[in-house]
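The values are calculated or read from the model by the stated rules, or taken from the named source; none is laboratory data. Predicted, not measured: the structure shown is a model, and the values here were computed from it. Positions of Cβ are generated from backbone atoms using ideal geometry, with glycine treated the same way; all protein chains shown enter the neighbour counts. Surface areas here come from the heavy atoms of the whole protein model, side chains and all, with no ligands, DNA or RNA. Shrake-Rupley method; radii C 1.70, N 1.55, O 1.52, S 1.80 Å.
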Amino acid sequence: MDTITMEQEKDTAEKKTKGKQMVSGSDALILSLLEEKVDTIFGYPGGQIMPIYDALYNYQDKIRHILVRHEQGAAHAAQAYAQTSGKTGVCFATSGPGATNLITGIANAYGDSIPVVFITGQVPSSLLGSDAFQETDVVGLSMPVTKWNYQVTRASEIPQALAKAFIVANTGRKGPVLIDITKNAQNEEFLFEYERFPKIRSYNPFPQLDMEKVKEAAGLINNSRKPMMFVGHGALLSNAEKEVIQLSEKAGIPAACTLLGLTAFPADHPNYVGMLGMHGNFGPNVKTNESDLIIAVGMRFDDRVTGDLKRYASKAKVVHIEIDAAELDKNVKTTVAIHSDARSAVNALLPYIEFNQHQEWFEEFRACDKKEFDEVIKRECYPSSGKIMMGEIVRKLAEKTNGQAIVTTDVGQQQMIAARYYKHVCPNNFITSGGLGTMGFGLPAAIGAKIGAPGKEVVMIAGDGGFQMTMQEMGTIIQAGIAIKMMVFNNNFLGMVRQWQDMFFEKRYSETHMSTPEFVSIANAYGIRGEKVTEREQLDGALSRMLDCKESYILEIMVENEANIFPMVEPGASVADIRLK
């Protein structure tokens with residue numbers, strides 16, 4: 001009898017441990033990441049995450065770790081990696097300053113709805129709340145800028161926390177999550193088993209499509225005389241590029257993109273009418289207030305797009321397709337609100353859409369294009385004298401790469417110029433900081449973009465101010481052995497701030513003039529070749545040499561110091577009052 005009882009207990013124990021193995025919390029974390037098919041991590045080690053880095057040492061053949069020079073760089077690189085690879089980004093940092101250095105990057109990913117799993121080390125749970133060395137409440141700090149965060153204090157929590165992190169980050173309105181793991185949890189051993197999360201109570205990232213609203217929207221589209229489609233980042237995040245083109249072509253709708261929506265609709269398509277917003281194109285901004293129907297696909301009516309809301313789209317009914325219900329009717333009152341991801345909703349719309357052309361409506365946009373070319377583009381992109389203009393550089397870059405390169409930008413005038421004048425024809429080939437507007441984003445984003453899409457040419461465009469915020473990441477480029485082309489537009493100013501001082505502060509240039517180092521010499525010190533361009537005649541050859549180089553390369557280009565970027569919708573103005581000069 002005793003023997004039978006022992007055998008039964010043995011069977012029960014074997015069933016409980018079948019498929020499980022005794023591992024440390026650190027090993028469990030790495031094994032969980034492998035279960036999620038993670039093969040690349042961006043990070044920086046430190047005292048409270050050392051057990052995890054020690055475990056990572058055993059998996060170097062399965063996971064590539066990119067050692068950055070600052071945690072902010074790791075966060076931006078992980079974001080751009082997610083955007084170009086289509087995977088979830090992963091980022092490591094230690095506690096205290098390592099974790100706080102991540103916050104800007106986490107907020108940036110949150111503002112742009114990019115799925116990244118951030119993992120931070122933390123002091124042992126016995127020291128929590130004691131102001132221990134490098135203890136910081138990163139869960140509290142990151143709460144407003146993450147979809148979900150959680151502090152793990154026991155090793156056995158790690159697999160479930162990881163599984164939940166990945167499903168939350170990459171479903172619904174995508175975004176960053178953070179898991180903070182105490183050092184004792186990293187060291188404890190437990191029986192490891194990993195299961196993906198089938199569903200999470202109270203979290204419904206897949207809303208049921210309301211077909212009555214779809215049919216109502218189709219009726220509005222079919223009866224519209226002056227429809228416009230606004231294509232936002234949600235179209236890229238849901239892979240709806242083909243569907244929005246089909247909708248535009250079938251119904252004859254002019255399509256404009258938001259800043260983050262650029263590349264979701266090809267710039268060389270005859271139905272494309274330009275970029276919306278403060279420094280967008282003249283036509284789509286002006287015509288917003290003449291349209292009788294706006295179909296907003298995966299965008300959130302950001303204030304940089306709408307200008308003065310009281311005078312926005314005053315003649316238009318609005319169909320808004322959006323995965324985040326909180327965005328519906330938040331800034332702009334909708335006629336039909338469709339709570340859905342962009343691809344599902346547009347796919348459902350297409351069978352109910354009648355063929356149309358709206359030829360006269362399109363001709364109004366082309367008249368605007370001509371006006372903008374004559375008054376702005378000709379001067380910026382085709383100058384024959386004076387200092388080099390940013391617009392002509394980007395135009396030449398677009399011509400030489402035929403729009404095939406991935407362009408990452410910093411934030412400021414060069415960002416708007418790159419958005420306006422690069423030939424955006426490939427989905428997800430434009431990586432920029434949209435929601436948060438983070439200077440220093442461009443270079444680490446280029447690193448992540450190149451690792452996420454190694455077969456693509458990656459060109460970073462930054463100003464002299466933003467480049468100096470994270471240029472230490474040139475060390476990461478060399479250590480990772482990747483080829484990135486860096487273009488620094490040097491006007492010895494914080495250009496966009498200076499422009500606002502010019503226009504709104506009576507040219508009182510308070511602390512915006514900036515002396516700069518020899519960027520090429522600094523790059524040379526890292527082992528990166530490059531050259532400095534000061535004259536227009538040098539530009540074409542220098543661009544060719546940069547693009548022909550098989551290694552990383554830097555071009556510092558001295559540009560017009562006090563050029564202002566137009567068109568511009570002044571803060572508080574109506575989009576219809578957009579200025580051309």
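Filter 387/532; 371/396; 147/315; 310/371 down to the pairs with a C-alpha to C-alpha distance above 25 Å, please.
With Cα atoms farther than 25 Å apart: 147/315; 310/371.
Compute log10 of I(q)/I(0) for segment 441-581 with the Debye formula, placing one identical point scatterer on every Cα and leaving out solvent, at q = 0.10, 0.14 Å⁻¹, to two decimals.
Results for segment 441-581 at q = 0.10, 0.14 Å⁻¹ read -0.41, -0.73.
Please compute the length gained on full extension between residue 516 and residue 373, using 0.36 nm multiplied by the number of residues separating them and subtracting their Cα-Cα distance.
Length gained between residue 516 and residue 373: 48.2 nm.
Sticking to Cα atoms, compute the Rg of the chain to one decimal and its Dmax as the biggest Cα-Cα distance, whole number, in Å.
Rg, Dmax (Cα atoms, Å): 25.7, 101.
Considering only DSSP states other than H, G, I, E and B, which GluC sites (Glu not before Pro) in segment 297-376 qualify as loop sites with at most 16 other Cβ atoms within 10 Å? Provide the component values of the computation, followed by the final result.
Working: sites: 322, 327, 354, 360, 363, 364, 372, 375; in loops: 354.
Sparse-neighbourhood loop GluC sites (Glu not before Pro): 354.
What is the set of long-range amide H partners of residue 90 at a cut-off below 5 Å, with H atoms built 1.01 Å from backbone N?
Amide H neighbours of residue 90: 42, 117.
Express the accessible area of the chain per residue in Å², computed with a 1.4 Å probe while the remaining protein chains stay in the model. Intermediate results must be reported in sequence, preceding the final value.
On the way: 23940 Å² over 581 residues.
Each residue of the chain exposes 41 Å² on average to a 1.4 Å probe.
Amide H neighbours of residue 441 under 5 Å, at least 5 residues apart or on other chains, H built in the peptide plane: list them.
411
Using the crude model of +1 on Lys and Arg Cβ and -1 on Asp and Glu Cβ, and no other charge, please compute the dipole size for segment 510-581 relative to its Cα centre, in debye to 20.
180
How far apart, in nanometres, would the label points at residue 160 and residue 143 be if each is projected 7 angstrom from Cα along the Cα-to-Cβ direction?
2.2
For the chain, with all protein chains present and a 1.4 Å probe, just round the carbon and sulfur fraction of the accessible area to a whole percent.
Taking all protein chains in place, the chain shows 49 percent carbon and sulfur surface.
Under the rule of -39500 (n - 2.57) per DSSP H run of 4 or more residues, summed and divided by the residues of the chain, what mean residue ellipticity at 222 nm is obtained, to the nearest 500 deg cm²/dmol?
-11000 deg cm²/dmol
Using only Cα atoms and rounding to the nearest 10 degrees, what angle (0 to 90) does helix 2-17 make with the longest principal axis of the chain?
In the chain, helix 2-17 runs at an angle near 20 degrees to the longest axis.
If each residue of separation counts as 0.36 nm, what is the full-extension length gain between residue 535 and residue 402 once their alpha-carbon separation is subtracted?
My answer for the length gained is 45.5 nm.
Using alpha-carbon positions, what is the distance between the centroids of segment 433-484 and segment 196-248, in Å?
With segment 433-484 and segment 196-248 each reduced to a Cα centre, they are spaced 32 Å.
Could you pull out the longest piece of the chain with no exposed loop chymotrypsin sites (Phe, Trp or Tyr not before Pro) in it, calling a site exposed if DSSP puts it outside H, G, I, E, B and it has at most 11 other Cβ atoms within 10 Å?
356-581
So how far apart, in nm, are the two label points at residue 500 and residue 187 if each is 7 Å from Cα heading toward Cβ?
Between residue 500 and residue 187, the simple spin-label model gives 4.9 nm.
For segment 343-442, evaluate the Debye formula with one uniform point scatterer on each Cα (no solvent term) and list log10 I(q)/I(0) at q = 0.14 Å⁻¹, rounded to two decimals.
Log10 of I(q)/I(0), two decimals: -0.77.
Between residue 314 and residue 250, how many nm apart are label points set 7 Å from Cα along the C-beta direction?
My value for the distance between the label points is 3.4 nm.
For segment 105-121, in order, what is each residue's ³J(HN,Hα) by Karplus, 6.51 cos²θ - 1.76 cosθ + 1.60 with θ = phi - 60°, in whole Hz (x at glycine and Pro)?
Once θ is set to phi - 60°, the couplings for segment 105-121 become x, 5, 4, 5, 5, 5, x, 9, 6, 10, x, 9, 9, 9, 10, 10, x Hz.
I'd like the FRET efficiency for residue 211 and residue 366, computed as 1/(1 + (r/R0)^6) with the beta carbon distance as r and R0 of 56 Å, rounded to 0.05.
0.95
Working out 0.36 nm times the residue gap between residue 59 and residue 355, then minus their Cα-Cα distance, what length gain in nm do you get to one decimal?
Details: separation 296, 0.36 × 296 = 106.56 nm, distance 5.57 nm.
Between residue 59 and residue 355, full extension yields an extra 101.0 nm.
Checking the table 250/456; 242/485; 37/174 against a 22 Å threshold on Cα-Cα, which pairs fail?
Flagged as over cut-off: 250/456; 242/485.
With +1 on each Lys and Arg Cβ and -1 on each Asp and Glu Cβ, and nothing else charged, work out how big the dipole of the chain is about its Cα centre, in Debye to the nearest 20. Let's see the in-between values first.
Working: 59 positive and 69 negative charges, 197 e Å.
Using only the charged Cβ atoms, the result is roughly 940 debye.
Can you give the FRET efficiency to the nearest 0.05 for residue 508 and residue 573, using r as the Cβ-Cβ distance and R₀ = 25 Å? Display every interim value, and only then the final one.
Numbers: r = 21 Å, r/R0 = 0.86.
It comes out at approximately 0.70.
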